[in-house]
Amino acid sequence: MENAGSLPRFFILMAEQKFLALYRKYRPQTFEDVRGRDAIVRTLKNQIINGRVSHSYLFAGTRGTGKTTIAKIFAKAVNCEHPHDGNPCGECEMCRAIAEDRSFNVVEMDAASNNSVEDIRKVIDEVSYSPSEGKKRVYIIDEVHMLSGAAFNALLKTLEEPPEYAVFILCTTEPNRLPVTILSRCQRFDFGRLTTETIAGRLREVADAEHLEAEDRALHYIAGAADGSMRDGLSLLDQCNAFNYGAGELTYERTLEILGAVDPSVFSTLFRLVHDGKAAEAVHKLDELLMQGRELVRLITDFIWYLRNLMLLKASEDTAKDLDVSGENLTRMIEDERKAEMPEIQRDIRMLSELTEQIRFSSNRRILAETGLIRLCRPQMDTDTDALRVRVQQVERLMAERDRYIAQIQQTLQNPALMAALSGAGQQGSMPGQVAGSGAAGAAGTAGTGAGMPDGTGMSAGMASADSRVSGSSGSGVMAGSAAAVTSAGPLLPKAIPEEVREIARNWPKILASMPDNYIRVFLGLAKLSCDEQGNLVFVFDNPVTADTFTNKEHEKTRETVLNHIRAQTGKDVSVVYKCLDNQEKFTDNYVDLSDVVKMEIEPDDSL
Ligand SMILES: [Zn+2]
């Protein structure tokens, strides 16, 4: 919708030829009929009322936004025999002659097709003759930026010393291409894009006048598709009307169908599939739309537009009020925007923009589109910076999760009872476990075997945190043995626990408290201590993010630090295994709680 080029131009031409086009029929004849140009109209009317009409004006703005229309009303108004409040009467001879394009006082020239110095000379030479009727001779030069350099110079001479009765109105879609010498001679008015509301309002007026039944939603959609151009809006209405002729009310669905457009909710669906990396489903959705006869480039262009809106919302949700999106779609859009990070949306937009360029010149459009969609779904396939950025975002999300966790821990550490436990004074059960709480998300068991631990070779394949989050079944063969044993056998009997493990458990608070690395101390403090059948010391976490600190294959140094410290503190060499509780798994169901074991040992001592 962004570029006017996305409008089906030939339909518009067709509509123009078939009837008296609506935009001609309903072209405003007085300033009062003009919509959405209040400031410009007010200024011009005041100039007419006060007799302060300038000699040269520049009307700048995109196509179909009312430049020529207002220029013509202005020409009538300055020549009208009975102007009323700055408006042309529409009835005097001058008004009628101008309206019927037979007045010598209005000279229209299209610089796009007449851009030579000779062309402009023909016009300018007439300037020396004063008008035989009326008051002002108005020269409307359309697309004035197309004039050649020599033509501009000739025009400039006239603009420098215009006769009293001459008024030049230069219209352009590209004011930046005008020489400064010309710009500085003109009073400039900027014709920005009209709002969808303004266009929709006018469409309603025209539809009512033509006795066209049309849903508000339909007109609103047409107005949005017109992208700020009243002329396009009316042409599209023409087109819809022609195709819907005899079929009753013009409905929203019918409008989408005629314009080859797609309901915006489709783009939300597509975006979600891409975001979730569901490539197959995304491609299927695309095929489905193409089967319905949607045009591929248009479809992608509209999808880009959807993403552009997401980007604006992401930048600030305040922009919601400026988006021409209905309530229900807006809700979905905001949901979508919150799902994704800015780099992801930007990457989608960039890749799709590139795709449209490729598709335009390709004979394998559909395959290109499908490939593009798959790439969109799989940032890990890409090594470009945007893709990397998306992946970094994923890592950052993990980090943020971890940070929240640390904050939670720090808060708990301010609890005096716990501090006592950590400093080794108390034997109050499994404090670290209490810190961790039980609400954390489950994860796969992620530890290697005890034997493998010291050099990290026991780390299982699914060690990367992203994988371990995905499913509880990613436990590799490396650890399956011990996990199964623990699960089926239930907690071990205390007497099966090797003495060195018991000793570590007894001294654990002290060992932990003297851990050289703060980070390790805090995180390891969240683990519960256990022992498996092989006599390994087992640290059990209930949060995969915490577990990842020790199980990630990148973190060999961390594991070494733990082992070295235990050895230094106890003189014992033990094998250590790190585990993470699964979603539903309860620590006490599957693991022996070493703190209980140690407590049982201590209690008899106390009683002595
Ligand atoms: Zn008049």
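Bear in mind that the values in this text are calculations on the coordinates, not laboratory data. Since this is a predicted model, take the numbers as computed values, not measurements. As a convention, Cβ positions derive from the backbone with ideal geometry for all residues, glycine included, and neighbour counts pool all protein chains shown.
Descriptive notes on the structure:
- The mean sequence separation of alpha-carbon pairs under 8 Å and at least six residues apart, normalised by the residue count of region 264-385, gives a relative contact order of 39 percent.
- Think of region 264-385 as a dipole: +1 on every Lys or Arg Cβ, -1 on every Asp or Glu Cβ, centred on the Cα centre; then among Ile300, Asn364, Pro379, Asn364 lies furthest on the positive end.
- Among Met291, Met399, the order by Cβ neighbours within 10 angstrom, fewest to most, reads Met291, Met399.
- Virtual spin-label span in nm between Glu160 and Glu205, 7 Å along Cα→Cβ: 4.3 nm
- Difference of contour (0.36 nm per residue) and Cα-Cα distance, Thr43 to Phe104: 19.4 nm
- Given R0 = 22 Å, the distance between the Cβ atoms of His284 and Asp263 translates into a calculated FRET efficiency of 0.80.
- Cross-link partners of Lys76 among lysines (Cα-Cα below 19 Å; sequence separation of 8 or more within a chain): Lys25, Lys45, Lys67, Lys135, Lys136
- Loop-located chymotrypsin sites (Phe, Trp or Tyr not before Pro) in region 278-372 (DSSP state not H, G, I, E or B) with no more than 14 neighbouring Cβ atoms inside 10 Å: Phe361.
- Spacing of the modelled spin labels on Arg378 and His82, each 7 Å from Cα toward Cβ, amounts to 7.7 nm.
- Inter-label distance, nm, simple model (7 Å from Cα along the C-beta direction), Ser353/Glu295: 2.2 nm
- Set of lysines with alpha-carbon distance to Lys285 below 23 Å, sequence-local pairs under 8 removed: Lys339
- DSSP-defined beta bridges in region 37-191 - what % are antiparallel, rounded to 5: 5 percent
- Sorted on the mean count of surrounding Cβ atoms within 10 Å across their residues, most packed first, peptides 532-538, 33-39 read 532-538, 33-39.
- Full extension of the chain between Ser514 and Phe243 yields a length gain of 89.4 nm, computed as 0.36 nm times the residue separation minus the alpha carbon distance.
- ³J(HN,Hα) computed for each position of region 172-185 - Karplus, 6.51 cos²θ - 1.76 cosθ + 1.60, integer Hz, glycine/proline x: 7, 8, 9, x, 5, 8, 8, x, 4, 4, 6, 3, 6, 8
- Centre separation in Å (Cα based) which lies between region 525-555 and region 112-188: 82 Å
- Which of Ser132, Ala111, Ile98, positive extreme of dipole for region 96-135 (C-beta unit charges): Ser132
- A Förster distance of 56 Å, applied to the separation of the beta-carbon atoms of Gln393 and Thr570, puts the FRET efficiency at 0.85.
- Under 29 Å of direct C-alpha separation, and excluding same-chain neighbours fewer than eight residues apart, Lys599 reaches these lysines: Lys495, Lys510, Lys528, Lys572, Lys579, Lys586.
- For the pair region 36-104 and region 245-291, the centres of their Cα atoms are 44 angstrom apart.
- Global form of region 226-269, assessed from the alpha-carbon gyration tensor, a/c cut-off 1.5: oblate
- On full extension, the segment bounded by Asp125 and Cys89 gains 9.9 nm, given 0.36 nm per residue less the C-alpha separation.
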